[in-house]
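The structure appears right after this line, and notes come after that.
Nothing in this text is a laboratory measurement; each read-out follows from the coordinates by a stated rule. Just so you know, these numbers come straight off a predicted model, no measurement behind them. Heads up, the Cβs are rebuilt from the backbone with ideal geometry, glycines too, and the neighbour counts pull from every protein chain shown.
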Amino acid sequence: MNYGFKSEISEIDRAVILLGKNVVVGLVASASVRTTLAAIAEKGFRLDELWLHNLAVGFAAHILSHPLDGEVEGMGSIDSLGLRVESLDVLKQINLPKRLALDYGRVNAMAAGSLHDIGKGVMVSAYPGIYPLLLVRVGEAALDGAHVGGGA
């Protein structure tokens, strides 16, 4: 995210304030998951890809759920995200926070997005050998144009 600061942010407490509590919680949760799953060696399972994907989804969820009117504790204002005017216009048009009636005291979209695929890592860890088989099945289903669960 581009916050437009002229100098480097070198103090943790300042970084937490600038990023917001929800972003920091999501980053910590993602880092914890990565550390926990780091030892997994399974054909087709790439922890770095899972981690980058989950972080990207976490940041996207944070942006999409960000309040558009004013500030919420731990999130700051929408302007603090450094988005382009066109992006802000799109966010205002879809206005997901209002449509979903988000309760910012209970919802941490950054953490939720960052952990949305955690089940893949748990499955690979708990059931070695299953993931490569699933990849083959998903690939076959994609070629067939069918859903993995079968049927239309």
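Okay, here's what the table says:
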| read-out | value |
| --- | --- |
| Count of region 35-63 residues which are within 29 Å of Ile78 (Cβ to Cβ) and surrounded by fewer than 17 Cβ atoms within 10 Å (Cβ to Cβ) | 4 |
| One residue from Gly58, Gly82, Gly105, Gly44 being out of contact with any Lys or Arg (no Cβ under 9 Å at 6 or more places or on another chain), more than 30 Å from Leu134 (Cα to Cα) and in contact (Cβ under 8 Å) with a residue 40 or more places away in the chain | Gly82 |
| Matching option when the condition is in contact with a Ser or Thr (Cβ under 6 Å, 6 or more places away or on another chain) and on the phi < 0 side of the Ramachandran plot, among Asn108, Asn22, Asn54 | Asn54 |
| Helices (runs of 4 or more DSSP H) enclosed by region 53-130 - at least 3 residues per element that are β-branched (Val, Ile, Thr) | 85-94, 118-126 |
